[in-house]
Every structure is written in C-alpha cells, then in structure tokens.
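Structure, as structure tokens:
The values are calculated or read from the model by the stated rules, or taken from the named source; none is laboratory data. All figures in this text were calculated on a predicted structure; none of them were measured in a lab. Here the Cβ positions follow ideal geometry from the backbone for every residue, glycine too, while neighbour counts run over all protein chains shown.
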Amino acid sequence: MARNNFDVLNLVRDNVKRLKPYASARDEYNEMGDGMVFLDANENPFETSVNRYPDPQQIHLKQKLSRLKGIPVNQILLGNGSDEVLDLVFRAFCEPKQDSVITLPPTYGMYSVLANINDVGNISIKLTDTFQPNVAEILNAATANTKILFLCTPNNPTSNSFEAESVEKLIKNFNGLVVIDEAYIDFSNQQSCTTRLQDFPNLIVTQTMSKAYGMAGVRLGVCFASAQIIAIMNRIKPPYNVNELTQRRAMERLENPKMVVEEVHSILNQRAWLHQKLKEIPFIEHVFPSDANFILVKVDNANLRHKQLIDKGIVVRNRTREPLCENCLRFTVGTIEENRKLLSNLKTL
C-alpha cells in the first residue's frame, strides 16, 4: 500500500530550500562534439584525455544504470562513494544541534560518524539478539525532530538481512526518511527495496560499486529515491563530485554484467564452503549465517585470535567491541587460495 501523507519538503533544512545551487560551466553545456571549441571553463586546452571537467550529472552513467535497474534517471544520484551520498542526506535534511537520526548497532560505523560531523543527535537502538530491528522501540524513540532512520540490510557486521515485514512496517510508520543501505544486496536472496520506491516517498536506497562490482578503488556510490528527494540532494552536491576516470571505469564495468554475475556466483560458492569449514575449527564457537560477502564468527578470544592471524599475515576484522558482537571476528570471503590459506592457518592456532 502506498504512503500518501508524506511531504519531503517538511523535512528539508530551511537554508537548503533557499539555496541557489552553483551552476558549473559543464552544467550549461556538456556535449563534447567534434569541432566544438570550449572556452567556457578555464580548462587547460591541451589534450590529456582528462583536461576537461567531467559531466557534473554523469548522465551517460546514469542512463546505463537506469536501464540495468529499471529506475528513471531523475531518481538516481551518484556520489564519491556511498559515504558522500549519506553525508548529503544529513546535510540536506538534518539541522545541526536540533535534529536527530536513529541507528541500529551493531551496524556500519559511518552513520554515527556522519552524525557527529554534522552535529546531529544519534539515537542508538540496539538490534535484538537475533540481529533484527526492534520495531516498537525504534518507533517509540523517534521524536518530532528525528529526521532519518538508517537500516543496513544485509547488515554489516552481522551479515544478515532484516525481515521484510519489519522493514515495511518501519517505512510506513516512521515520520521521516528511511535510508536503506544495500551495499551487500547482490549477495542476498532478498529483493532490493528499489522495487518499492513508487510505494514509499520517504524511502532512500543506497548501493555501491565497491562490493559486487569490485570497484572499491574508484569510489562510486549510488542513491535511488523519489525525483523530489534526488532534486534536493542535487542542489547541495559538489559540482564535479564523480571524476572522469571513475565514470569511465564504471561504464566499462557495467558493459559486462555477465562477468559481475559470475564473480558473485563464485563468492557465494566460496561463502558456503567457508561457512562449513569454519565450523570445524575448535575455538570457533558459532558461525553466523551470511547474506553478504563476509562471515561473522564467534571465537573464544577475539583479541588473541586476531593478533595471531595478523602475525601470520592474514588481516581480518575484530568486532568484539561492537554491541552484541563480543569475541566476534569478521572474515571477508576471498579467492579460493585466500580462503584456503585462512583455513589452514586457523587450524594451526
């Protein structure tokens, strides 16, 4: 059922409403046709393949994503990694020293970092013991100034997806924006929430090219939302936030979706194999089910095992300080060779 009583303009900061966005030279004209003479942007005229400013709206890349995802171009925003996208959400909708957001630890740490950077309150509601949102507690904790709820699903570091019924209930009943971080959605059997954008005007979905697409080094985050929300965020984004090299490499990668599917399939096969093999290690007390490209395990002594693995040249993530994750380590699913090396070294500890 669609939500019809939501007006995003009620959430936008007053200064953003009044803002006159910066108009770059390439906003005015971006077509690089043969024979055109560009003397509008104070660029170096000598050809280096990157002497011109990039398309500030990344229109060709958005068109490619639009065809792949089935989402209109005006409902897509690209950022310098998902972190920039998330920061833009804070800056567009959260008034410093006045508004708040809700985060659900243990979860991706940048939500709370960005809240601190933007001087926005962070209401922290722990997940349940089964790593699911406590819907009633979340809705009870929200105030009139609580602008955003962050849901990371599949969740980092717990590796599980949130139940669809709980997610929908939160979107319908939270009187602010619900940001669903789908960085790991390509490794999950769950349906992406991008299919519900037309139903929920308060829904924002973020994805990334860093995980399944194997492009962490180029820093490209993707935001899907209503055309109205995207227009608001476009008002405040830096004019050339996604550089030319990133746009080119992303286009090249998107031209070969079959390879991406094959790589994801390989990671899923290795995840299943690793999940079973980790259960054979005596000091691993529990292997949590995974819907992502990593596995969370509970060990006897996370600090000790983490140091031992470092000494053997294997870097994993120690999550023991996170809520509900005492003595837990997080293993990224690597190549066949890397996973075998991890297992063989674990057996020697």
(request) Starting from segment 307-321, keep only residues that are under 19 Å from Y108 (Cα atoms), then list their pairs with residues that are exposed (fewer than 12 other Cβ atoms within 10 Å of the Cβ) whose Cβ atoms are within a distance under 6 Å, requiring at least 6 positions of separation or different chains. (result) T320/E326
(request) Report the residue count in segment 175-188 for those that are touching a residue at least 40 places away in the same chain (Cβ under 8 Å) and either not assigned by TED's automatic domain parsing to the domain that holds A141 or not polar (S, T, N, Q) (or both). (result) 8
(message) Anything in segment 292-349 that is among the aliphatic types (A, V, I, L, M), outside any helix (DSSP H, G or I) and surrounded by 15 or more Cβ atoms within 10 Å (Cβ to Cβ)? List them, or say none.
(response) A292, I295, L296, V297, V299, I314, V316, L324, L329, V333
(request) State which residue is nearest to E262 (Cα to Cα) when the search covers only segment 201-228 and only residues that are part of a helix (DSSP H, G or I) and under 17 Å from the mean Cα position of the chain (by Cα). (result) A216
(message) Among the residues that make up segment 34-53, is at least one of them in contact (Cβ under 8 Å) with a residue 40 or more places away in the chain, assigned by TED's automatic domain parsing to the domain that holds L177 and acidic (D, E)?
(response) no
(message) If I filter segment 84-111 down to residues being over 14 Å from the mean Cα position of the chain (by Cα) and in a helix (DSSP H, G or I), which single residue comes out as nearest to T130 (Cα to Cα)?
(response) F90
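Listed here are the residues, each with its yes/no results for (1) surrounded by fewer than 15 Cβ atoms within 10 Å (Cβ to Cβ); (2) not assigned by TED's automatic domain parsing to the domain that holds Q57; (3) not hydrophobic (A, V, I, L, M, F, W, C).
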position	(1), (2), (3)
M209	no, no, no
I232	no, no, no
K237	no, no, yes
N241	no, no, yes
T246	no, no, yes
V264	no, yes, no
A272	yes, yes, no
K277	no, yes, yes
(request) Quickly run through segment 50-83 and pick out the residues that are within 22 Å of P238 (Cβ to Cβ) and assigned to a loop (DSSP other than H, G, I, E, B). (result) V50, N51, R52, Y53, P54, D55, P56, Q57, Q58, N80
